[in-house]
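**Q** This is the structure I have questions about; it appears just below.
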Amino acid sequence: MKKFALFIVFLISISAQLSAWNAVGHSAVAQIAEDHISSKTKKALKKYLKGTDIVQISSYPDVHYYEWYRDIGWKCSNPEVLRRKESQMDALETNFEPWSHSYTVDSLFNVYRHNREGDVYIRNAIMDLDWLIRNLKENLTTMNPEEREKELSLVVHLIGDMHCPMHILYVPQAPTGGKYSIYIGEQKMNIHSFWDSRIWKFLGKGWDYSDFASEADTASPAEIAEIVKGDLFDWASVNAKAAWPAHHLTDASRKERELDSYYPDTMRALAYQQLRNAGYRLAKVLDDIFAEVK
Ligand SMILES: [Zn+2]
């Protein structure tokens with residue numbers, strides 16, 4: 001039992017490294033969506049997610065990161081994929097890769113419309129999301145319940161991740177991709193982990209996800225209509241422009257950067273904006289998915 005408990009702690013610690021926004025952020029996004037979906041969607045979610053809800057499933061893709069993968073369709077030479085494969089995915093063919101939780105934009109902040117450049121794999125959660133949403137629209141009622149829950153949780157989760165600044169990869173302008181350390185006062189941390197999890201402790205001591213959800217959910221109906229305009233790819237470009245200041249801190253070649261202790265405060269408005277926008281857009285996506293479902 002003890003060993004099992006330790007294993008669970010180990011799994012949680014791995015998944016914490018992977019998760020954009022971590023459970024607090026993902027749950028807050030799902031809560032905002034829950035507060036804005038139509039009553040029809042609410043009913044349908046109750047029916048199809050028996051015994052659970054979108055807040056609870058919002059972090060599943062982090063928990064099951066290495067179990068849930070899909071065929072990326074070619075022998076991939078991206079070193080990052082290969083490195084991970086060696087340690088985590090020995091049993092799998094080289095064509096398999098966990099669902100991507102991040103996406104890549106070009107120098108004009110436009111989302112790549114493919115996930116392969118020559119032999120190099122380009123992370124593209126937006127294309128994955130596009131596919132998942134279409135698949136759910138077409139097959140939701142006939143899918144097996146496990147697959148349906150998995151795909152719904154991927155949609156809920158990836159809409160959250162696409163709004164997390166460090167899950168946007170700017171190629172070619174910021175090749176470090178958030179892999180550097182920062183100091184805030186005396187505390188050293190990775191900037192990715194700051195945005196994944198530590199930010200919530202800086203922004204609201206002792207708060208839980210519902211506190212963040214109600215703090216972020218401040219837009220008027222007219223503002224919400226503006227935020228949900230366009231499609232996934234438009235939203236991803238808007239996010240990339242909005243999140244760039246969180247990346248573009250100082251000299252891009254340095255591995256360690258000292259940020260003043262005001263950094264979390266200067267990012268507060270961006271963090272709340274991203275939570276809020278993710279929640280409204282997720283509500284829109286779920287309403288669209290269930291619009292045709294009987
Ligand atoms: Zn994630």
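**Q** Any chance you could count how many residues in region 139-165 are farther than 17 Å from Arg276 by Cα and within 16 Å of the ligand (Cβ to nearest atom)?
**A** Looking only at that region, the number is 5.
**Q** Moving to a separate point now. With respect to the numbered conditions (1) surrounded by 20 or more Cβ atoms within 10 Å (Cβ to Cβ); (2) at pLDDT below 50; (3) not polar (S, T, N, Q), which one is the sole condition not fulfilled by Leu6?
**A** Here Leu6 clears every test but (1).
**Q** OK, next. So which residues in region 198-237 are of a type in the set (A, V, I, L, M), assigned to a helix (DSSP H, G or I) and buried (at least 16 other Cβ atoms within 10 Å of the Cβ)?
**A** Ile199, Leu203, Ala213, Ala216, Ile224, Ile227, Leu232, Ala236
**Q** Right, something else. Restricting attention to region 235-266, report how many residues are under 22 Å from Glu215 (Cα atoms) and modelled with pLDDT under 90.
**A** 6
**Q** While we're on this one: Against the definition (of a type in the set (A, V, I, L, M, F, W, C) and either away from the ligand (no atom under 16 Å from the Cβ) or at positive phi (or both)), how does Leu136 come out, yes or no?
**A** When the stated conditions are applied, Leu136 passes them.
**Q** Keeping to region 113-141, report how many residues are among the hydroxyl-bearing types (Ser, Thr, Tyr) and either free of Cβ contacts under 8 Å to residues at least 40 places away in the same chain or farther than 19 Å from Asp71 by Cβ (or both).
**A** 1
**Q** For region 18-53, enumerate the residues that are over 12 Å from the mean Cα position of the chain (by Cα) and outside any helix (DSSP H, G or I).
**A** Asp35, His36, Ile37, Ser38, Leu49, Lys50, Gly51, Thr52, Asp53
The values are calculated or read from the model by the stated rules, or taken from the named source; none is laboratory data. Computed from a predicted structure; not experimentally measured. When we count neighbours, we look across all protein chains shown, and the Cβ atoms used for this are built from the backbone with ideal geometry, even at glycine.
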